[in-house]
Structures are given as C-alpha cells and as structure tokens.
Amino acid sequence: MPNRVEVEDELAQVYSDEGAARTLLRRIGFPPGQVPSFGTSVVFWSNVMQRLEAGILVDGVEKLIRQAAKDFPGNAVLSLAAVSSDPSLQRPDGTMPSLRKLTDTLVLAYSDPVSLSFLLTNIGLPAAEIPKVATAREAWYLVLPNLQGRGWLETLVNEVLADPRVAAYHGMIRKAWADFTS
C-alpha cells in the first residue's frame, strides 16, 4: 500500500493546479481558514497532510484520499491508498485482504486485453476508466483496487464465474475469492 510520501507526491501531480487543489479541499470540508498557502504543489500537499493528520478535520486523510481516488479512478496510487484507508474493507483483525491471489488467477483467465476490457465494460466500468497499459497483468493490478473501492469485486467474480470461455479457471477463481473474503 502507498505510504504518505507516495500519496503526497501523487496528489501533487494530479492536483498541481492551485484552483483544483483548493476545490478538492473545499469538497471534503477542509476548514477554509486553515488551507495552507500554495507555493509549490509538493509543499502544499505536504502541509495539507500534516494538518489532516493533526486532526483539523475528522477522518480528513481518509476523506481526502477517497475523494481523490473518485476523481481519478484509474490512478493506481490513489486507488490503493483509498482501499487501504477504508476500515469497512478490513478484516476483523484489522488486516487487509490481499488481492494478489485473485489478481494472479484473473491474469490467467483473462490474459488478453480485449477480453479483459469486454469483461470490465460488462460489469459497468466505463471504457475511459480501463487502464491503457501494455499487459493484462498491469491492467488487473490497476483496476482491481478501483473495483474493490467501489464494492464491485463480487460483481466481477460473479461475471467471471458465469463466463463459459474461462470455465477451466472457475475452480481457481472460487478458491481465490474464498481466500480473499475469509
């Protein structure tokens, strides 16, 4: 999962414009009088994170990350950070289930980018949010945290299990899903 510096760097890249950065803060309820000055985006986001971690806004870091991930659903860093900061997605012992096994199995079943895109659009993911990357593995690693954050993983798994073209992988998918949800 991304650390604080990685999240700050990503925010600095995707919200490098002062107006967009301030709009995001306004949308999450950041106190207007506490918004730091905007010199560079890197320093700005570092100052914002410091204030949020100090408690200036209840659940501020989580609100910021979730909203940024919604604004940029194809962004791997923000999607992973949003999933890892969402307590509703954690197991009772506080650990996060790993997407690794499920991802590896889906890569085997849908190694072709065209079939992967078809599957993702079938479950309702807009084509613009399907990552344009060189391999299906890269696409799965980017898109699964996004789907998890939206609560769409079970929908995806059900769609895969209904697909006769990948019937040879159904047992592996069921096992990976059971491991993920246990």
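Would you mind working out the magnitude of the charge dipole of the chain relative to its Cα centre, with +1 at each Lys and Arg C-beta and -1 at each Asp and Glu C-beta, to the nearest 20 Debye?
Working: 17 positive and 20 negative charges, 46 e Å.
That gives a dipole near 220 debye.
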As a test of the definition: which semi-axes, in Å, follow for the chain when you take the square root of five times each eigenvalue of its alpha carbon gyration tensor? Largest first, please. 34, 17, 12
Candidate aspartates and glutamates - alpha carbon under 18 Å from Lys132, same-chain residues fewer than 8 apart omitted: Asp71, Asp112
Straight-distance crosslink candidates among lysines, where the alpha carbon sits under 25 Å from Lys175 and sequence neighbours closer than 8 are dropped: Lys101
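How high is the FRET efficiency between Ile123 and Ala54 when r is their beta carbon distance and R₀ equals 45 Å, given to the nearest 0.05? Please report the intermediate quantities before stating the final value.
Details: r = 40 Å, r/R0 = 0.88.
Once rounded, the FRET efficiency stands at 0.70.
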Quick check on the chain: helices-only [θ] at 222 nm, where DSSP H runs of length 4 and up contribute -39,500 (n - 2.57) each and the sum goes over total residues. Nearest 500, please. -19000 deg cm²/dmol
Distance from the stretch 43-83 to the stretch 112-182 (C-alpha centre basis), Å: 26 Å
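Read-outs throughout are calculated quantities, based only on the coordinates presented, and are distinct from any laboratory measurement. This is a predicted model, so every value here is computed, not measured. Cβ: placed from backbone, ideal geometry, glycine included. Neighbour counts: every protein chain shown.
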